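What follows is one structure encoded as structure tokens, with my remarks underneath.
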Amino acid sequence: MTCSPVLVTGLGLLTAHGRGPERLLAAVLAGEPAFSEVRRFDPGRSRVRAAATLADAGDLTAELVAVVADACDDAGLAHRRAECQLFFATGTGTTVVRSGGQSNGPAELAAAVARRSGLSGVARVYTSACVAGSTALAEAASMIARGRCERAVVAGGFLVDADHQALFDAGRALADDGAVRPFSKDRRGMLLGDGIVAVVLESAAGTRGRGDRVRSRLAGWARAGDAYHVCQPDPGGAGLASAIRAGLARAGVTPAELAYVNANGTGTMLADAAESSALRTGLGAVAGSVAVSSTKSVHGHALEASGLLEFAVTALALDAGQLPVNAGFRAADPQCPVQVVREPSPMVGRYALSCNLAFGGANTALVLGAV
């Protein structure tokens, strides 16, 4: 059964490429990464010292409030923010500075962002690792499709910090050559990247009287778990394949209608191979011909905000009619038999898929449609 239309009407972004969508879109369409040596903090004895960071990024709360304002302005809701609830994605260790000291907690950060942004309040907070943002989008869309709300702001953010850099470096997950090479035979790992994002979702009725404010459609969404391992992906990609099939079914879209897949593509050996298996199973006969790239190769891994960031990038690329380039790719890997986008190319078709995976076997698939 297809779902009621859920429209994307506003976007607000901060990445290492800057504030707003223009520079980020240009970078992903050209395959121009933003990785360099970290200057925000002293990496100490870290094996890897590279990440994608914005030099003048400020306080996380303030930057979140700014991107929410940008998204609401983009949607034409500058004076109607009180009609929107906040669906919020962040990490469990987020710290919010308050007068008299510091308080830890995602709920406090969400409440602060909602209050300072003039939103009606916090609907839900998601801390489910690298699918937090995509899960927030899916649940907000589900509520809109069922008529439980007319519009929502889905937001989340991550700024590269010393603790996360040290954690992933100690786990040997970071690429020691300073580049993310998803699906390439010589890939060496992931790199972290700043990502603060807000997306406004609305029902069709909610946009009436505001002119042409629609960027794209969230046509379908699905989640699935495989619980294969606490941190290793299921080699066969069963959970993600299930999410892909269910998301396409909800959207009423066949695999052959997909023009592009923005893959999770972390650039790690096990995850990229598992995702390739999931795409083969989930898309069937057309899996080898659908254009695939991972925009993490350009903007880095934004952890809990990744699903939001990659959804926004996919929406921008779909609107532009151009395929994001899989930066850093050098040589095909037999374990990753996907059609990798290696150079700027037009996007031929009206539907795109954004996939995300997380520790614990959590998987999401979001299907976007052009308008």
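The values are calculated or read from the model by the stated rules, or taken from the named source; none is laboratory data. Please read all numbers here as calculations on a predicted model, not as lab measurements. Here the Cβ positions follow ideal geometry from the backbone for every residue, glycine too, while neighbour counts run over all protein chains shown. The accessibility values were calculated without ligands, DNA or RNA, using every heavy atom of the protein model including side chains. Shrake-Rupley method; radii C 1.70, N 1.55, O 1.52, S 1.80 Å.
Name the residue from 14, 126, 33 whose Cα lies farthest towards the positive end of the charge dipole of the chain, charges +1 on Cβ of Lys and Arg and -1 on Cβ of Asp and Glu. Working it through, the farthest residue towards the positive pole turns out to be 126.
Dividing the summed -39500 (n - 2.57) terms of all DSSP H runs of n ≥ 4 by the residue count of the chain sets its mean residue ellipticity at 222 nm at -9000 deg cm²/dmol. When each of the peptides 333-340, 362-369, 123-130 is scored by the mean number of other C-beta atoms lying within 10 Å of its residues, the order from highest to lowest reads 362-369, 123-130, 333-340.
Label separation (residue 40 vs residue 162): 1.4 nm, computed from points 7 Å beyond Cα along the C-beta direction. A simple rule links phi to the HN-Hα coupling: the Karplus curve 6.51 cos²θ - 1.76 cosθ + 1.60 with θ = phi - 60°, which for region 81-90 gives 5, 5, 8, 10, 8, 9, 9, 10, 10, 7 Hz, with x for Gly and Pro. With the simple spin-label model, which puts each label point 7 Å out from Cα in the Cβ direction, the residue 26 to residue 92 separation comes to 4.1 nm.
Packing, taken as the mean count of other beta carbons within 10 Å per residue, orders the peptides 215-224, 194-203 from highest to lowest as 194-203, 215-224.
In the chain, Cα pairs under 8 Å separated by at least six residues give a relative contact order of 25 percent. Accessible surface calculations at 1.4 Å, restricted to protein heavy atoms, place the chain at 38 Å² per residue. Distance from the C-alpha centroid of region 207-245 to that of region 16-38: 24 Å, rounded to the whole angstrom.
Given the options 214, 238, 192, identify the residue whose Cα lies farthest towards the positive end of the charge dipole of region 186-286 (+1 on Cβ of Lys, Arg; -1 on Cβ of Asp, Glu). Farthest along the dipole direction, towards plus: 214. The accessible surface of region 103-197, taken with every protein chain in place and a 1.4 Å probe, is 48 percent carbon and sulfur. Derived scalar couplings between HN and Hα for region 46-54 equal 4, 5, 10, 10, 9, 6, 9, 10, 8 Hz in order, rounded to whole Hz, by the Karplus curve 6.51 cos²θ - 1.76 cosθ + 1.60 (θ = phi - 60°), x for Gly and Pro. Seen through its C-alpha gyration tensor, with square-root eigenvalues sorted a ≥ b ≥ c, region 226-371 comes out rounded because a/c lies under 1.5. Which option, [x] 21.4; [y] 22.7; [z] 20.0, is the value of Kirkwood radius over Cα pairs in Å that was calculated from these coordinates? Computed from the coordinates, Kirkwood radius over Cα pairs in Å corresponds to [z]. Which of rounded, prolate, oblate describes region 188-288, given a ≥ b ≥ c as roots of the alpha-carbon gyration tensor eigenvalues and a/c under 1.5 marking rounded, otherwise prolate only if a/b is larger than b/c? Here region 188-288 falls in the prolate category.
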